[in-house]
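Single-structure report; data block below.
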Amino acid sequence: MITRDEIRELAAFSADETTGACALSFYFQPDTPQDRSHRSEAILAKDLVKQALKEGQGKGRNGGLHADLDRILAVAGRLRGHARGHAVFACSAQNFWKEFDLPPRLAATGIFIQSRFQLKPLASLLGAQPSLRVVIVDRQRARFFDLRLDELREREAIVHMLSRSAADYGYQGYDAGHAERRISDEALQHFKAVAGRLRSGREKGVWERLIVGCQDSNWPEFEANLHPDVRQRLIGRFSADVASVGPEEIRDRANSVLNQWIAERGHTKASEALDLAKANGRAVTGLRRVLQALETGEVQSLFLNENYSARAVACTNCGHLDAHMIPECKACGKPTRELADVSEAIIPIAIRRDIELFYLKDHAELDRAGNIAALLRFRADQNRTGQVAAVS
Ligand SMILES: [Zn+2]
């Protein structure tokens, strides 16, 4: 599974176009059970690669493109029946080949031949993925997992065996009330221990957000024992039984809690940003101002309409991005080159700088504000005024 450093590496990669090299990105989204009746995605993937091969043949200098496509064709061939998503990033001219399994939540199977890797499908997946702890708990047991981009790892477990006396009482039955009290005391101690483990993990920065799986009947008592800092970081809960729940189910249930949380959070934060922008506060809207804010390093979170695309230019010398289609760079005067879609340049910047990226569906206000907005860490113009005042 892909790591943050690997994503950064992809974002930093650029094919040397003067040699005819190109950056090839291939995404594979498996069939969903609903569309089994349609064409298999694996066959579609092979067709796409063959098509790209045909188109590539016409070009004189294709800097290893043919070899990359051949190799991807072989990959596509073995993806038949593959349940996970898959991505390949290749540029044999620069000796680059990386393959990753991905969550099966990509928009589509596709192939991209550009000067930089196509990272939008990856960025949409990453959204604002927090490091996530999932705990599955009942009255005696607890299992702790990390979930990152669909990869579930078990980290630790706690098992509290009922003490001998409590178990004995339970069987003897002459003092059933006492036995029940004893057992519920032990459950309480267990919940406290689990809550304590969560708190110490949080304090050490092991995780940022929490999802709990437990039986509905245990939830009120367990929740009551969570430290306020931990409870505040809880993003949702699902119903599960420690004894019977398997890793696939934990992953799927936790992922759906997470996806809902990300969508809601993106929606709320985008509305917040739009309100702040109107009040001339810590946010901007529209491509021109978002690009400026990216260059001054002000951006904390970025909101884009799901289908956002816009033309822009990038300076071939200093990298300055401009929403106006100017032939020469405003910053250094060197020639610019046209970008068919400015997201190509924005996404790698967001990844390199750890900017939260939200792709939003159906956000009417964002549509009206130009389909792009950013929440800022600070306002450079306002700060600058302050600094000038202090110096003079
Ligand atoms: Zn420039």
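The values are calculated or read from the model by the stated rules, or taken from the named source; none is laboratory data. If you're wondering where the values come from, they're calculated on a predicted model, not measured in any experiment. Cβ: placed from backbone, ideal geometry, glycine included. Neighbour counts: every protein chain shown. Surface accessibility is based on the protein's heavy atoms, side chains included, excluding ligands, DNA and RNA. Shrake-Rupley method; radii C 1.70, N 1.55, O 1.52, S 1.80 Å.
Observations on the structure shown:
- Hey, VAL290 of a type in the set (A, V, I, L, M) and under 17 Å from ARG368 (Cβ atoms) or not: yes
- Identity of the residue in the stretch 52-76, at pLDDT 85 or above and of a type outside the set (A, V, I, L, M), that ends up farthest from GLU151 (Cα to Cα): HIS66
- Restricted to helices (runs of 4 or more DSSP H) entirely inside the stretch 246-355, no element has at least 3 residues that are open to solvent by 40 Å² or more (accessible area, probe 1.4 Å), among the hydrophobic types (A, V, I, L, M, F, W, C) and closer than 25 Å to PHE13 by Cα.
- Residue ID - modelled with the highest pLDDT, chosen from residues in the stretch 26-47 that are polar (S, T, N, Q) and farther than 19 Å from ILE111 by Cα: THR32
- Pick from the stretch 356-374, criterion among the charged types (D, E, K, R) and part of a helix (DSSP H, G or I), ranking: farthest from the ligand (Cβ to nearest atom): GLU365
- Which numbered condition ARG353 fails, given (1) more than 21 Å from PRO121 (Cα to Cα); (2) away from the ligand (no atom under 14 Å from the Cβ); (3) not β-branched (Val, Ile, Thr): (1)
- Residue identified as under 30 Å from PHE191 (Cβ atoms) and open to solvent by less than 10 Å² (accessible area, probe 1.4 Å) among ALA90, ALA142: ALA142
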